[in-house]
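Here the structure comes first, spelled out in structure tokens, and everything after it is commentary.
The values are calculated or read from the model by the stated rules, or taken from the named source; none is laboratory data. These numbers come from a predicted model, not from an experiment. All Cβ positions, even for glycine, are placed from backbone atoms using ideal geometry, and neighbour counts span all protein chains on display. Note: areas computed on protein heavy atoms with side chains; ligands, DNA, RNA excluded. Shrake-Rupley method; radii C 1.70, N 1.55, O 1.52, S 1.80 Å.
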Amino acid sequence: FHDDWLSCEDLLMKYKTKFIAASRKQALLVENMLIPGQEVSVIPFPVENKEFYFAPEIREKTREEMNWKDHTIFLYTGRLSYQKNTYTMSKIFTEAIEEKRIPQNSKLIFIGNFEDIGFSHIGRHFGHSEYFRKFWKKFEELNEHKDKIVFMGAVENEKLMPIYNASDVYFSLS
């Protein structure tokens, strides 16, 4: 975790804090990092398991079709926006390859559209495609590994499920 979180420790110790995990397994992990007695609730992610499920045969078929058989696939799905830290994900990913912290055959797949909502909570809105322009300008300055990042745009659910199956790591900073 980032050192800035340490500065929050004293503040958080003054208040009752509740943690929320997506599974019992995740809750156990979080509980191991907490002071005994701190509350951890489980609220599962609402995923339709008839539509999204793991199937090894779909994984292999999709990896073959997408030419990903020899790659480690990092996947992000959602809106591509300032709030979702999509540029930061790109930067971390390319630095990790450059520093040989992840396999050199890795690819980062972005699925979703660029969004321009800006900072609505303070009344600042981006103009049409402003986030995309800002993102792309910084993206072009990344190191030579940026060619390992793929933008697929919006993908329908029936095409998304095989991509989830074919992926190795789900990557999100939000």
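Taking all protein chains together, LEU142, LEU28 sort by accessible area into LEU28, LEU142, largest first [probe 1.4 Å]. Set against the 2.2 N^0.38 Å expectation for a compact globular protein, the range 7-91 has a Cα radius of gyration ratio of 1.57.
Inter-label distance, ASN105 to ALA22: 2.6 nm, where each label sits 7 Å from its Cα along the C-beta direction.
Model label sites at ASP10 and PHE52, defined 7 Å from Cα along the beta-carbon direction, differ in position by 4.1 nm. Each principal axis of the Cα cloud of the range 129-174 was evaluated for its coordinate range; sorted largest first, these ranges are 33, 25, 21 Å. Distance from a point 7 Å along Cα→Cβ of LYS61 to each backbone N in the range 135-162: keep the residues under 11 Å and list them by number. What the label zone holds, given the 11 Å backbone N cut-off, is 162. How much FRET efficiency would the formula 1/(1 + (r/R0)^6) give for ASN113 and VAL30, where r is the Cβ-Cβ distance and R0 is 22 Å, rounded to 0.05? Efficiency for this residue pair is about 0.10.
Output the pairs from LYS84/LYS138; LYS61/LYS107; LYS69/LYS100; LYS69/LYS91; LYS25/LYS100; LYS84/LYS134 with a Cα-Cα distance over 26 Å in this structure; if there are none, say none.
Pairs exceeding the cut-off: LYS25/LYS100.
Of the peptides 96-105, 131-140, the order by per-residue mean of other Cβ atoms within 10 Å, starting with the highest, comes out as 131-140, 96-105.
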